[in-house]
Amino acid sequence: MVKPKVLVTRRWPAAVEAQLSESFDTVLNTTDKPLCAADFKAALSSYDAVLPTVTDVIGAPALELERAQTKIIANYGVGYSHIDIGAVNHLGITVTNTPDVLSECTADLAMTLLLMAARRAGEGEREIREGRWTGWRPTHLVGTKVSGKTLGIVGYGRIGQEMARRAHHGFGMKILVQNRSKVAPEVLAECNATQVENIEALLPECDFVSLHCPGGAENRHLINAQRLNLMRPGAFLINTARGEVIDELALSQALWFETIGGAALDVFDGEPRINPALLDCDRLVMLPHLGSATREAREAMGFRVIDNLRDFFEGREPRDRVN
Ligand code: 8YV
């Protein structure tokens, strides 16, 4: 059988690249630079499968094709709001993602951010590195206790549930949930969580709010100035979902005027560009999209892509089809 021709848009863990190359006629983008729309258009006309990441915007310009050679876009990552699913559907292309295998690591990172923001870890680190630490004193960098507080989780999918487990079983936090559909009682019961009607009902009740919903147009600026105003003074906002979910200008103002206690972001609108308004905010922890960045998760994500390709090219329904 002729091996399907597969394009990998960024460098992946070596073990995954090796396995891909064994099973498929694989082309690696050895420059490791994101491809542009024209590159994608060309790729969709010549490869059987294209394997993008979050840095690959596959929108209208790349998809203006009469017909595509590509049969499957197997995304390396769980979020796929960078792919215009409507336009892809017109071309009859299957799209898959990599759920489950990064949930624990992403929740670990969300918990890291929550703790860093509450305990002012970023500020402390900057102080030491900049030679500004003058020694211990009772009033120095006093943060907020995490244990026993209330955590609101927006989006109770796999990652949101992993976050709840860490916060509830590890830190005795009370869990409130906002989710677009009704969460099964037994799923809520695992962390003694309560689902509220909508985000307006959630925000005023929480000491911490962690975002785990999808990105894309439907959730763009879900957290806007009005909703930031509903948060408790002193509350913290954590985002490991997608940058566009937060109106970053409104967040910078809430931080600047101290209407909330702090925030911690792993994702940014238009990343890797950082909105300059955020850079001036001291009570803000920022990480460069590290949610799934562990050796274990990144390898598992790659092998999950391979599973989907095998399913597809061997005539089975791919396990993680999203369209
Ligand atoms: C991935 C992520 O590493 O899977 C996702 O949706 O946000 C990340 O943690 C990244 O998207 C890889 O494409």
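Read-outs throughout are calculated quantities, based only on the coordinates presented, and are distinct from any laboratory measurement. As the structure is a prediction and not an experimental result, all values here were calculated from the model. Every residue, glycine among them, receives a Cβ derived from its backbone with ideal geometry; neighbour counts consider all protein chains shown.
Dividing the alpha-carbon radius of gyration of the range 34-193 by the rule-of-thumb value 2.2 N^0.38 Å gives 1.45. Over the chain, Cα pairs under 8 Å with separation of 6+ residues give a relative contact order of 17 percent. Remark: the residue 3-residue 316 segment gains 111.0 nm on full extension, using 0.36 nm per residue and subtracting the alpha carbon distance.
Taking the chain as the region of interest, the number of lysine pairs whose Cα atoms are within less than 15 Å, with members eight or more places apart or on different chains, is 5. The value of relative contact order for the range 8-104, using C-alpha pairs under 8 Å at least six residues apart, is 24 percent. In the chain, helical runs assigned H by DSSP with n ≥ 4 each contribute -39500 (n - 2.57); averaged across all residues and rounded to the nearest 500, the mean residue ellipticity at 222 nm is -9000 deg cm²/dmol. Panel values: the range 125-197, Kirkwood radius from alpha carbon pairs, Stokes-Einstein at 25 °C and 0.890 mPa s, translational diffusion coefficient 171 µm²/s. Less than 5 angstrom separates the built amide H of residue 323 from those of 95, all sequence-distant by 5 or more or on a different chain.
How do 312-321, 100-109, 70-79, 34-43 rank on mean C-beta neighbours within 10 Å, highest first? Please list the in-between numbers first.
Values: 312-321: 13.8, 100-109: 21.2, 70-79: 22.8, 34-43: 17.3.
So the order, starting with the most tightly packed, is 70-79, 100-109, 34-43, 312-321.
Using only Cα positions of the chain, each an equal point scatterer, no hydration layer, compute I(q)/I(0) via Debye at q = 0.15 Å⁻¹ and quote the log10 values to two decimals. Per q value, in the given order, log10 I(q)/I(0) is -1.20.
Amide H contacts under 5 Å for residue 26: 6, restricted to partners 5 or more places along the chain or on a different chain, H placed in the peptide plane at 1.01 Å from N.
Packing order of peptides 146-155, 174-183, 273-282, highest average first: 146-155, 174-183, 273-282 (average count of other Cβ atoms within 10 Å over each peptide's residues). Taking every DSSP bridge with both residues inside the range 103-286, close to 0 percent are antiparallel.
With Rh defined as the Kirkwood radius, the inverse of the mean 1/r over Cα pairs, the Rg/Rh of the range 103-286 is 0.96.
Using every pair of distinct Cα positions in the range 244-302, the Kirkwood expression returns a hydrodynamic radius of 12.6 angstrom. Distance from the alpha carbon centroid of the range 220-284 to that of the range 106-175 works out to 16 angstrom. Across the range 140-246, the fraction of Cα-Cα pairs farther apart than 16 Å, rounded to a whole number, is 55%.
With contacts taken as Cα pairs under 8 Å at a separation of at least 6 residues, the range 179-323 carries a relative contact order of 16 percent. Amide H to amide H distances under 5 Å link residue 152 with 176, 207, 208, 209, 210, where only residues 5 or more positions off or on other chains count and H is placed in the peptide plane.
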